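J.: Would you mind keeping the following structure in view while I ask a few things?
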Amino acid sequence: MHDPVLTALPPDPLALLREPLARLLTLAGPVSGTETLAAGAAMGRALAAPILALHDVPPFDQSAMDGYALGPPEGAGTAWRVTTRLAAGDAPVGALAPGEAARIFTGAPVPGGARSVLQQEKAKPLGEGIAVPANWPAGANIRLRGEDVRAGATLLAAGQRMDARHIALAVAAGHGALSVTRRLRVALASTGSELRQAGSGLGSGQVHDSNGPMLRAMLAAPDVELVEIGILPDEPLRLRDALLRASEEVDLIVTTGGVSVGEEDHMVGAILAAGGKIEVVHLPIRPGKPVKAGHLGAAVILALPGNPLAAYVNFWLVGRRVLDGLAGTPARPLRPLAVRSGFREERRPGRVEFAPARFAGTDPSGLPVVELLGRGSSARLAPLAAADGLCVIGPEVLRVEEGDLLALLPF
Ligand code: AMP
Ligand code: MG
C-alpha cells in the first residue's frame, strides 16, 4: 500500500522512522467486512471499493449566471428578442431561433442552440429586446455537461477516507449510498496498580488514570467502536485474562503502562502468556521508546508506555497508522512545517525527538519561530496541552542553535 510517511526538510528528521513505521503498517492488514451507508453518513469512513461517476456532472449544460441565453448570432447592434424564461429546476426547452434570447437564471438548463449566456449587468435594452456587446465570446457563462466529471470516470479510489469533499463529489455523481469498511472494534486498557478513575479521590501513592480518557478522545472516530476495559492492576494473571477476553471481540487492543523491563512491568509477559506474539518494532524516538506491538489471536495489540507524553506521541505516530492499516486506508501522512528555532540547546543524539513546542512569532522571512515547552520530561502533560505542535529533532543533531531550520508537526 502507498505509504506517504513524511519527508522533505533537509535533512529529513523523520527519515530514521520510515522503515519501522512502514513495518508497523504491515502488522495491521485491512479487516474484512463492509457495510453500506447513506452517502451523507460516510464521514470518516474508508471506501470499500472504488466508485465511478454514475452520470455526467453537471448532468446538462447549465447557466453559470443570471442573464440571457443567446441563440445563433444575428450580428452586433441588432436587438435579441426575449422569448422564454428559464429558472433553476425548469425542464430544458427546444432550440432558440436566430435572434432569440431566453431570460435565464443560474443553474437553469441552457436551451438548445444557445451559444453563450450574457450576464444581466451587460445587457442593454434595445427596442423590444436586448443589445449584445460587440465581440461577445461564444461559450461564455455556460457550464458544459460533464465538464466537472464524465460518466464512468473513477471518482474515488478504494480506501479513500471520506470527508465532506468526497461525500459531495460522490453524491453529485449519483451515489446515494456507499460501501465502506465496517467499524473497527478497539479495546482500551490502562494498566498500573497506582491508577484511579477520573474524578475519584486519591489515596496515598495513587494518580488519576489520564491515559485512558486521553486515548479514548484520540480514538474517537466515526469508524471506531470502543470497548473500554478500564484500569487493570499490575498483576500478570489479571492482565493475561483481560487481554484474552478482549482479543476475542476486537480488532485492536491498545494498552498503556507496564512495557519497560522493570519487575512491575508485566505487559509483555501477559501477552505471551495469553498466547500472543510480540513483534518488537524498534522505534528510535524520544519520548516513549518501548513500543511493543504484536498479535493476540486475530487482534493486533499495541502496548504503549505509561508516561502520558510518551503515550500521546506514540499513539499519534503509531496508533493512528495501525488504525489506518486496519481500515484499509492509506496512512495519514505526517506533514511537518518548516520552522525556525527560537532556542538553543545541547542534545543527546541517536533518537528522533518529539518535543512540545509553541509558536513565538516569525522571523524576517516570515517563517514561524518556535520555542520548546517543558524540556525533557515525558511525564508532563501541562507543556503538551500548551503546545501548538511537536518539534521534531533529527537523531544526528548534537546542538540546536537559535535560527536553525527545524520541523514542527502541528496539532
Ligand atoms: P509505566 O509505563 O507503567 O512504567 O508508567 C510510567 C509512569 O507513567 C508512571 O509514573 C505511571 O504512574 C504513569 N502512568 C502509567 N499509566 C498511566 C495512566 N494511565 N495515566 C496516568 N499516568 C500513568
Ligand atoms: Mg506501571
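The values are calculated or read from the model by the stated rules, or taken from the named source; none is laboratory data. Since the model is a prediction, treat every value here as computed from it, not as a measurement. Neighbour counts run over all protein chains shown; Cβ positions are idealised from the backbone, glycine included.
J.: Output the residues belonging to segment 246-266 that are under 31 Å from the mean Cα position of the chain (by Cα) and either over 19 Å from Pro290 (Cα atoms) or within 13 Å of ligand 2 (Cβ to nearest atom) (or both).
T.: Ala246, Ser247, Glu248, Glu249, Val250, Asp251, Thr255, Thr256, Gly257, Gly258, Val259
J.: Mind checking which residues of segment 95-130 are without any contact (Cβ under 8 Å) to a residue 40 or more places away in the chain and either buried (at least 17 other Cβ atoms within 10 Å of the Cβ) or out of contact with any strand residue (DSSP E or B) (no Cβ under 9 Å at 6 or more places or on another chain) (or both)?
T.: Result: Ala95, Leu96, Pro98, Gly99, Glu100, Ala101, Ala102, Arg103, Gly112.
J.: I've got another one for you. Taking the condition of being in contact with a helix residue (DSSP H, G or I) (Cβ under 8 Å, 6 or more places away or on another chain) and not in a loop (DSSP other than H, G, I, E, B), how many residues in segment 331-371 meet it?
T.: Of the residues in that region, 4 qualify.
J.: Shifting gears a bit: Please enumerate the residues belonging to segment 160-207 that are charged (D, E, K, R), closer than 30 Å to His266 by Cα and not in a loop (DSSP other than H, G, I, E, B).
T.: Arg185, Arg196
J.: Here's something else I'd like to know. Can you work out which of the residues in segment 191-217 that are within 6 Å of ligand 1 (Cβ to nearest atom) and closer than 27 Å to Arg320 by Cα is surrounded by the most Cβ atoms within 10 Å (Cβ to Cβ)?
T.: Asn211
J.: Would you mind listing the strands (runs of 3 or more DSSP E) fully within segment 98-141 where at least 3 residues are farther than 15 Å from Thr78 by Cα?
T.: Filter on segment 98-141 gives 100-104, 116-119.
J.: Still on this structure: With Ile278, Ile271 as the choices, which residue is modelled with pLDDT of 95 or more, farther than 18 Å from Leu195 by Cβ and either over 22 Å from the mean Cα position of the chain (by Cα) or surrounded by 19 or more Cβ atoms within 10 Å (Cβ to Cβ) (or both)?
T.: Every option except Ile271 fails the conditions.
J.: Report, ordered by the first and then the second residue, all pairs with beta carbons closer than 7 Å, sequence separation of six or more or different chains, a first member in segment 382-396 that is closer than 17 Å to Arg18 by Cα, and a second member that is buried (at least 18 other Cβ atoms within 10 Å of the Cβ) and of a type in the set (Phe, Trp, Tyr).
T.: If the second residue must be buried (at least 18 other Cβ atoms within 10 Å of the Cβ) and of a type in the set (Phe, Trp, Tyr), the pairs left are Val392/Phe354.
J.: Among the residues of segment 309-359, which ones are among the hydroxyl-bearing types (Ser, Thr, Tyr) and within 15 Å of Leu390 (Cβ to Cβ)?
T.: Tyr312, Ser341
J.: Of the conditions (1) in contact with a Leu (Cβ under 8 Å, 6 or more places away or on another chain); (2) under 25 Å from His166 (Cα atoms), Ala49 fails just one. Which one is it?
T.: Here Ala49 meets the rest and fails (1).
J.: Another question, then. Do you know which residues across segment 238-267 are assigned to a helix (DSSP H, G or I), without any contact (Cβ under 8 Å) to a residue 12 or more places away in the chain and within 16 Å of ligand 1 (Cβ to nearest atom)?
T.: Residue satisfying the conditions is Arg238 alone.
J.: Looking at this structure, is Thr362 touching a Lys or Arg at 6+ places or on another chain (Cβ under 6 Å) and hydroxyl-bearing (Ser, Thr, Tyr)?
T.: No; evaluated as a whole, the condition is false for this residue.
J.: Show the residue pairs meeting these rules: Cβ distance below 7 Å; 6+ apart or different chains; first residue within segment 176-194 and farther than 13 Å from Ser247 by Cα; second residue within 16 Å of ligand 2 (Cβ to nearest atom) and aliphatic (A, V, I, L, M).
T.: Note: pairs meeting the criteria are Ser190/Ile231; Thr191/Leu232; Thr191/Leu239; Thr191/Met267; Glu194/Val207.
J.: Further question: Out of all the residues in segment 75-92, is one or more of a type in the set (Phe, Trp, Tyr), assigned to a strand (DSSP E or B) and either on the phi < 0 side of the Ramachandran plot or free of Cβ contacts under 8 Å to residues at least 60 places away in the same chain (or both)?
T.: Yes, some residue in segment 75-92 is of a type in the set (Phe, Trp, Tyr), assigned to a strand (DSSP E or B) and either on the phi < 0 side of the Ramachandran plot or free of Cβ contacts under 8 Å to residues at least 60 places away in the same chain (or both).
J.: A follow-up question, please. Which of (1) more than 21 Å from the chain's Cα centre (by Cα); (2) in a strand (DSSP E or B) does Leu37 not meet, given it meets every other one?
T.: Tallying (1) more than 21 Å from the chain's Cα centre (by Cα); (2) in a strand (DSSP E or B), Leu37 fails exactly one: (1).
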